[in-house]
Each structure stands twice: as structure tokens, then as C-alpha cells.
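The values are calculated or read from the model by the stated rules, or taken from the named source; none is laboratory data. For clarity, every value in this text was computed on a predicted model and none was experimentally measured. Positions of Cβ are backbone-derived with ideal geometry, glycine not excepted, and every protein chain shown enters the neighbour counts.
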Amino acid sequence: METRILPAPAVAGILANDYIEARLHTDAYDPEREAENQALQLELEGSVGLPFYLVMDPSTEEVLDTFNESARAIVDPGVLARFFEGAREN
């Protein structure tokens, strides 16, 4: 996803103009940090599947929308683009 789908023109244009990227690495080499990050992912997204994407309001920290359908996005990057477009409108 990071090397093929996120840079795709349909996705990259939306991200560059409307989003600030933050990453949560839940597969860290530090077991203590990995467990903490997985717990945060579970709290935010309700799953520990990877990769996952969420849109959060920076002012309220409210999770506006989540996406964990990377298999569909690999076949059609437009799926992820539509997710980001829809979340932007919330």
C-alpha cells in the first residue's frame, strides 16, 4: 500500500491537499511498544488488521471514518481514494 497505492495519482492528490499523515506502527520490534500500539489501534479502529487507515478530526481527536479493506484497494486504488474523499466531507 505504501509503495504502490498511496502514491497512485487518484490517492496521492487527495492526501497531498487535504490530509496530514501520521503513522502508528503496530508491528514494531520492541514488544512492549508493539503491544501498546496494537491496543491503541484496537481502540481507534476496532481491529488489529493491517494495514488500516483512519481519518481523525485534529481538533477533537474524534475518529471520523476507518478503512481496512486493503485487498480491494490493491485491485482498485480508487476504492481508497473514495474513502478519503468521503471522509474529507464528514
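At-a-glance table
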{"item": "Matching residues in the range 1-34 - criterion: being among the small types (Gly, Ala, Ser) and either surrounded by 12 or more Cβ atoms within 10 Å (Cβ to Cβ) or within 20 Å of Glu69 (Cα to Cα) (or both)", "result": "Ala8, Ala10, Ala12, Gly13, Ala22, Ala28"}
{"item": "Residue count for the range 34-90, restricted to those that are β-branched (Val, Ile, Thr), in contact with a helix residue (DSSP H, G or I) (Cβ under 9 Å, 6 or more places away or on another chain), part of a loop (DSSP other than H, G, I, E, B) and modelled with pLDDT of 85 or more", "result": "0"}
